[in-house]
Amino acid sequence: MTEANIGDESGSVSLNSRAPQPDLEPLSAEQRMAVESNGSPLRILAGPGAGKTRVLTNRIARRVFEGSADARRVLALTFTRRAAHELRSRLIKMGIRDLGAVGTFHSTALAQIRQHRADQGRRAPTVLPGRRPVLTQLVGDFPKLQLKTATIEIDWLNSQNLTADEYRNGPGKLRVGQSQANEVAHLQSAFASYKSKRGLLDFDDILVECTNLLKSDKAFRDAQHWVFRHFFVDEFQDLNRVQFDLLTSWIGDRTDLCIVGDPDQAIYGWNGADPSLLSDFCNHFPSAKTISLVDNHRSQPQIIRAANAVLERSSPITDEQATLGEPPTTNSFASEEEEAVGIARYLRDIRLPETRWSSHAVLARTNEQLELIAGVFGRLQLPYRFRSQGGIFRLPEVKDLVDQLCATDSDFSALATDLFDEFDRGPQKRISELALQYARENFHASGTGFRNWIRTLRPGDLDYQGDGVDLATFHSAKGLEWPSVVVAGLEQGLVPISANNPEERRLLYVAVSRAQHKLHLTWARTRQRGGMAENREPSPWLSLIEASTQHPIASSGDLTAQYLAKARNHLDADLHGDVAIRAQRLREWIDQTARARRVEPSALLPSHLIAAVAENFPVSLSELAEVTGLGETRLRRVGPEILEVIATE
């Protein structure tokens, strides 16, 4: 059977070449509207928990099945390899296997450049793993510049596709002042010269070179336009000007484009991202249609209300809905050390024995906070794992291990094997796993080669695969979710760090909206700064969250008293109530709560104890313990809820 219309620029395929019907996932009404829309271009605005990945995958699958798109001509762009892997895996499970390209802007552009050079008989480009090592060498010639400032500014001017002179004479002086702007411009020129002499490309050079090829080389442009005809872009609010220029060059004068984004999660402006590309999308594509996904399928109502309160935005959650699930809880501590200990105790108390530690996350504004928390967790033997690259490499034990590996050349493979057997868990175990992976993939493995190799890794590549509480900055938590989340360090000076930056508010919104069922907020009344204890005040946004909840936020220790008081209020009215009714209420609560928390029903209350609780009608934890024989930990965790259920009229 011959394929029909495969060379047609419309990208349509004949009925005979359609793929088998994919196994589409269940969709809500608004998700189905986005999946089935014929808008082109189409902008989908999707808030936290709206199911944007589900919509994107189902939209691609639906179009392939219907024949309006050829899977081989799809280009789906994400911002991380992890997101690309998830998107591709879900499409494969749905029966879409012969995909064109699913990847990041950089990986897609680099593949095209490599193919272009191979076609011309030229060597593939050598990619610089990162700017920092080279800038460290060069910045010494510019005494007015600190390395951190230089790195941030060069990252930014490259993301805006500015020359050194354009930066110096325009935005540079507004960002760092004229004197430092001149230094940055000279350093950028020296960096460009360094790369040119050695034939190197850094990550932004990859995007620029691919864009220039599309604009200047007709044969290259025609080839890419023939291969890719259906475009899908995730996290559109994170695009910078260079990426947008590349995207429009890939698309040309066609309109088969679907983007997904959320202006409330635009948190990378400091790194060059331009959220106006999302908000002004219809100016760039006048025929575009917009669909909004507002339903949050991730978080319980009280968490949704708390997240919206951070943005001072009204919530669609009604007062009745807001009583469902657990309200956020909060605690303050005398110092950041006590805060870390308090978080560890809180996590030990709420964790069910049947669940994984990785169902819990601790989110903080900075890596320095996470390092301190990790140190305390380590001493208390509470397992943890980092979800952000910067944090793990600043841990002293990780620094020592990396230095040990990088100082070894001739016996690198043997050392990697020994270290792999030495560590059982934690970040050191993950580093030893990576060292062994590098040794197996490189016949001439060496310490120098390992150092260069780990510089190419992304945060997701460093995730420790064992069970442990996830530690992540607000930035690195974006796109992730957990049943239970602790947001630490909710103090002025950290949340927000900069009072005049609107991104800071959106960062807290992102952090709060990662929680599915439990949200705990902490802050320290003093924090060490420059060797001195500095007094701290709670974040101004903490009061917004408190005001948004159905009831005032209580510390986790106060919840038991709250539920017991409610039970006693109803005691007289229900003392002689029907035992069967109480038993039915218990069964309904167990069923709903187990599904919501994704735990076994027996983790809440074993079925053989339901009748005993209903018949004996305990009104205190001690009475509940006598009736059920449940242990102290489980009683603290679910006992107050059981008492509330049977006390309800």
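The values are calculated or read from the model by the stated rules, or taken from the named source; none is laboratory data. This structure is a prediction, so every number in the text was calculated from the model and none was measured. FYI the Cβ positions are ideal-geometry reconstructions off the backbone, even for glycines, and counts take in every protein chain you see. For the accessible areas, the whole protein counts, side chains as well, though only heavy atoms, and no ligand, DNA or RNA atoms are used. Shrake-Rupley method; radii C 1.70, N 1.55, O 1.52, S 1.80 Å.
Assorted remarks:
- Among Ala223, Ser37, His520 the positive-end extreme of the charge dipole of the chain (Cβ point charges): Ala223
- Considering only alpha-carbon pairs that sit under 8 angstrom and 6 or more positions apart, the relative contact order computed for the chain is 14 percent.
- Each part gets one Cα centre, and for the range 78-153 versus the range 335-369 those centres are 34 Å apart.
- Solvent exposure of the chain, expressed per residue, is 45 Å² of accessible area, with all protein chains present and a 1.4 angstrom probe.
- Computed over the chain, the P(r) curve from all C-alpha pair distances, binned at 20 Å from the origin, holds 16, 46, 32, 7, 0 percent per bin.
- Subtracting the Cα-Cα distance of Gln584 and Gln381 from their residue separation scaled by 0.36 nm leaves 69.0 nm.
- Surface calculation, 1.4 Å probe, protein heavy atoms: Ile581 sits at approximately 90 Å² accessible.
- Protein-only accessible surface order, largest first, of Lys429, Lys52, Lys399 at 1.4 Å: Lys399, Lys52, Lys429
- The overall shape of the range 149-216, judged from the alpha-carbon gyration tensor, is prolate: a/c is not under 1.5, and a/b is greater than b/c.
- With helices as the sole contributors, the chain gives -15000 deg cm²/dmol at 222 nm; each DSSP H run of n ≥ 4 counts as -39500 (n - 2.57), and the sum is divided by every residue.
- Dividing the convex hull volume of the alpha-carbon atoms in the range 467-544 by its residue count gives 114 Å³ per residue.
- Over all other residues within a Cβ to Cβ distance under 11 Å of Ala611, the charged ones net out to +1, with Lys and Arg as +1 and Asp and Glu as -1.
- Among the listed pairs Lys195/Lys289; Lys52/Lys429; Lys144/Lys195; Lys197/Lys429; Lys429/Lys518, those beyond 32 Å (Cα-Cα): Lys195/Lys289; Lys52/Lys429; Lys197/Lys429
- Where only alpha carbons of the range 257-353 are counted, the Rg and the Dmax (Å): 19.3, 57
- Convex hull (Cα only) mean projected area of the range 102-201, reported in nm² to one decimal: 7.3 nm²
- Here's the thing: no lysines lie within a cross-link span of Lys218, going by alpha-carbon distance under 17 Å and ignoring same-chain residues fewer than 8 apart.
- Inter-label distance for Ser40 and Leu200, nm, one decimal - labels placed 7 Å from Cα along Cα-to-Cβ: 4.4 nm
- Hull volume in cubic angstrom per residue (convex hull over the Cα atoms of the range 37-182): 192 Å³
- Charge dipole of the chain (Cα centre as origin; +1 on each Lys and Arg Cβ, -1 on each Asp and Glu Cβ, all else neutral): 1500 debye, rounded to the nearest 20.
- Computed label-point distance, nm, for sites His85 and Ser189 using a 7 Å Cα→Cβ extension: 4.4 nm
- Cut-off 14 Å between beta-carbons: net charge of the residues surrounding Asn212, Lys and Arg +1, Asp and Glu -1: -1
- Under-5 Å amide H pairs with Thr290, H placed in peptide plane, nonlocal only: Arg43
- The angle between the Cα long axis of helix 632-647 and the longest principal axis of the Cα atoms of the chain comes to about 70 degrees, rounded to the nearest 10.
- Angle of helix 147-159 to the longest C-alpha principal axis of the chain, folded into 0 to 90 degrees and rounded to 10: 70°.
- Phi-derived couplings, Karplus 6.51 cos²θ - 1.76 cosθ + 1.60 at θ = phi - 60°, listed residue by residue for the range 484-489: 10, 10, 10, 9, 9, x Hz, with x used for Gly and Pro.
- Alpha carbon Rg of the range 124-174, scaled by the compact-globule rule 2.2 N^0.38 Å: 1.23
- Between the listed residues Gln492, Pro328, Ile642, the Cα displaced farthest toward the positive end of the dipole of the chain, a dipole computed from Cβ unit charges relative to the Cα centre, is found at Gln492.
- Across the accessible surface of the chain, with the other protein chains kept in place and a 1.4 Å probe, carbon and sulfur atoms take up 49 percent.
- Evaluated at q = 0.20, 0.24, 0.26 Å⁻¹: base-10 log I(q)/I(0), Debye formula over Cα of the range 33-105: -0.88, -1.27, -1.44
- For Pro275, neighbours were defined as the other residues whose beta-carbon sits under 14 Å from its Cβ, and their charges (Lys and Arg +1, Asp and Glu -1) total -2.
- Where Glu491, Glu641 fall by accessible area, highest first, once all protein chains stay in place (1.4 Å): Glu641, Glu491
- Euclidean distance between Cα centres, the range 270-293 to the range 469-507, Å: 25 Å
- Spatially, the range 577-649 and the range 155-216 are offset by 64 Å when compared through their Cα centroids.
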